[in-house]
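Right, one structure below, let's go through it.
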Amino acid sequence: MTDDELIWRVAGGSGDGIDSTSQNFAKALMRSGLNVFTHRHYPSRIRGGHTYVEIRAADGEVPSRGDGYNFLLALGDSFARNPSEDAYYGNEETKPLTENLDDLREGGIIVYDEGLLDEDDVEDLNERAEEEGWHVYPVDLRGMAREVGREVMRNTAGVGATAALLDMDLDEVESLMEDAMGGDILEQNLQILQQAHDQVNEEFEHTHDLQVPTGTNEEEQVLLSGSNGVAYGALDAGCRFIAGYPMTPWTDVFTIMTQNLPDFGGIAEQVEDEIAAAALAVGASHAGVKSMSGSSGGGFALMSEPLGLAEMTETPLVLIEAMRAGPSTGMPTKPEQGDLEHILYTSQGDSCRVVFAPGNIRECYEQTRTAFELAYDYQIPVMVVIDQKLSGENRNVDESFFDRQPDPDPGTVLTEDEIAEAAHDPSGKFNRFLHDTDKGVSPRSLPGQKGGHYLATGNEHNKAGHISEDPENRVAQMDRRMRKLDHIRDDLDSAEDSNQTTVGPDDADFGIITWGSSQGTVLEATRRLNDDGKDVKAIGVSDMMPFPEAELEAFIESVDEAMVVEMNATAQFRGLIQKELGRFGPKLTSLLKYNGNPFEPAEVVEGYEAQQQGEEDTPGTNTTIQPAAGD
């Protein structure tokens, strides 16, 4: 066991305060100078069940969850519906201990609440602990909490026990408590924290060598999720209207926007369903307000018709799609990257949209701002794709990163003077949909502007918006709308910074390709392979549509073979690459994972090694290798 990193897993039942406890502990580690990354695992059942949160903390960069973990705080499930082993879901009371041992690293630490759990609850716990070199510390956290305050405070006792075993100072934890609570509740929590800390130090000899790493951050840090990044990017891009309906994991973005929009003079509406949500956002944008909506896969399916309406009427719109495991309801609280084809091609007819899939919090912010810029400059729907993993994981980010000015620019909207000089139909209507325009973008007016009235219809239409099925008009309008994507691709290619992220030596002969939230894990795995002398490089792709053809072509052409890593069963991103760059099909294999858990870096390393050895299954993991086309 080394002290290079701490990966602390706190496990309990839904309702035991696992999420808030982990958030505060992560903040305490961050404030002590460490970089942190959290991974949240919780059940889809409304009435709760076993849940845990991992916090990975280190002095250096922490781009993903780790391989297993080295400290378990098992609180037990105090809300367990049935403590019987014969129950349908088993003995839920003991699951925080029994279901978390397989991932515990050799030499790891276990603290369990002996007020709720017993070593007899885990078959052969002592034997396994001896075999794996685990250090087991039973502490009556429940009894301590009941004696001083309320039972839920046993999570505070657990943090005190953790701090004692890791030789961690309590100052930052106490400071966070003082910020979050007051009165008797604060005093009781502080007392329990100190009591647990002192009791563990008095009763147990430290037989382990794991300690909290030390580190320093050069500037003030904030702890945020991908949902924060998307929401803050939207607010700073000038978004002032959102409509939505709750659906995990999209709800996080919707909630953050709803909480903050009033401070910016904006409006948030929770409506009866996702069809209404997207339609309201289209209407608000048509009226001149920067607008957004979103959902997760099932709700996004209902948005297909309003999305097609926005494409046909050329109404700017930003939609967020927060993926989760499907089909249908699927696994609502588990990550998957299975909606890509749905997002790219849903709605009627040929798609005319932009799709970004950011890979981390910073990219969520930047690419959401870019999404609004392109949507309102090119009068086109733009989608930002995240997933349950990116939506819920927390990382520390420099506070100064968000020190930006809001952008109120409404995009390509004419003034009334410009409208007066613009082309009009003999009927007096404004020619909103001209055939031959710069970059395919027609001049736009807003309702209420003098001389700017036109018809907005979901049918194909002529220059003034009247329904038209004239073949020449259809081809001219369709070609013009599709031409926007070519110019958007040019804009993205000429930007100072690419949306694609690369790591590894330029002349490497093996490439790893991924997209969206798997990016950090793949980049870490690639660095490990490089440190081990392997000639590998990787690219994380964010631009799904229009596709970054030149960048991917250069990357794949430069290697002998490449492995595409993604969280779905049908290799959807690999399919997109082969659609756009078909000649490279024989170079591409796939590493797929779709069991409800995100990749760990070691699984990507194992996938590379298995592929190099010509194996079709990756040994010891929950991943699958698909061979190259023609193999």
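Key figures for this structure:
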{"quantity": "Peptide ranges 148-159, 172-183 listed from the most packed, as the mean C-beta count within 10 angstrom indicates", "calculated": "148-159, 172-183"}
{"quantity": "Distance from segment 542-576 to segment 272-337 (C-alpha centre basis), Å", "calculated": "25 Å"}
{"quantity": "Ordering of 429-440, 6-17 by packing [mean C-beta count within 10 Å, highest first]", "calculated": "6-17, 429-440"}
{"quantity": "Cα centroid of segment 210-233 to Cα centroid of segment 441-460, whole Å", "calculated": "45 Å"}
{"quantity": "Rounded to the nearest 20 debye, dipole of segment 5-203 from Cβ charges on Lys, Arg, Asp, Glu", "calculated": "1020 debye"}
{"quantity": "Tensor-based shape of segment 371-465 (alpha-carbon gyration tensor, a/c under 1.5 rounded, otherwise prolate or oblate)", "calculated": "prolate"}
{"quantity": "Relative contact order computed over segment 418-480 (Cα-Cα under 8 Å; 6+ residues apart), in percent", "calculated": "31 percent"}
{"quantity": "Cα gyration tensor, segment 223-402 - rounded (a/c under 1.5), prolate or oblate", "calculated": "rounded"}
{"quantity": "Extension gain from residue 609 to residue 459, taking 0.36 nm per residue of separation minus the Cα-Cα distance", "calculated": "48.7 nm"}
{"quantity": "Relative exposure of 204, 584, judged by other C-beta atoms within 10 Å (fewest first)", "calculated": "204, 584"}
{"quantity": "Options 22, 276, 200, ranked by Cα towards positive dipole end of the chain, top entry (Cβ charges)", "calculated": "276"}
{"quantity": "Shape call, segment 140-183: gyration tensor on alpha carbons, a/c limit 1.5", "calculated": "oblate"}
{"quantity": "Packing-based ranking, highest mean first, of 466-476, 409-419 given that Cβ atoms within 10 Å are counted", "calculated": "409-419, 466-476"}
{"quantity": "Mean separation of Cα contacts under 8 Å (6+ apart) over length of segment 458-579, as relative contact order %", "calculated": "26 percent"}
{"quantity": "Segment 32-78 and segment 364-424: distance between their alpha carbon centers, rounded to Å", "calculated": "32 Å"}
{"quantity": "Over the chain: Kirkwood hydrodynamic radius from C-alpha pairwise inverse distances, Å", "calculated": "26.3 Å"}
{"quantity": "Helical mean residue ellipticity (222 nm; -39500 (n - 2.57) per DSSP H run of 4+; nearest 500) of the chain", "calculated": "-11000 deg cm²/dmol"}
{"quantity": "Estimated distance in nm for a label pair at residue 495 and residue 79, the labels positioned 7 Å out from Cα along Cα-to-Cβ", "calculated": "4.0 nm"}
{"quantity": "Dipole magnitude (debye, nearest 20) for segment 82-186, charges at Cβ of Lys, Arg, Asp, Glu", "calculated": "440 debye"}
{"quantity": "Signed unit charges on C-beta, dipole axis of segment 5-203, positive-most listed residue 161, 46, 94", "calculated": "46"}
{"quantity": "Dipole of the chain [Lys/Arg +1, Asp/Glu -1 at C-beta], most positive-end residue of 262, 228, 333", "calculated": "262"}
{"quantity": "Segment residue 583-residue 404, extension gain: residue separation times 0.36 nm, minus the distance between their alpha carbons", "calculated": "60.2 nm"}
{"quantity": "Antiparallel DSSP beta bridges within the chain, percent to nearest 5", "calculated": "40 percent"}
{"quantity": "Charged-residue dipole, Cβ positions (Lys, Arg, Asp, Glu), segment 284-416 about Cα centre, Debye nearest 20", "calculated": "420 debye"}
{"quantity": "Under 30 Å from the Cα of residue 439 - lysines, other chains or at least 8 residues apart", "calculated": "290, 429, 450, 463, 484, 579"}
{"quantity": "Relative contact order [Cα under 8 Å, 6+ residues apart], segment 5-203, whole percent", "calculated": "19 percent"}
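Just so you know, all these numbers are worked out from the coordinates, no wet-lab data involved. As the structure is a computational prediction, the values presented were derived from the model and not from experiment. Heads up, the Cβs are rebuilt from the backbone with ideal geometry, glycines too, and the neighbour counts pull from every protein chain shown.
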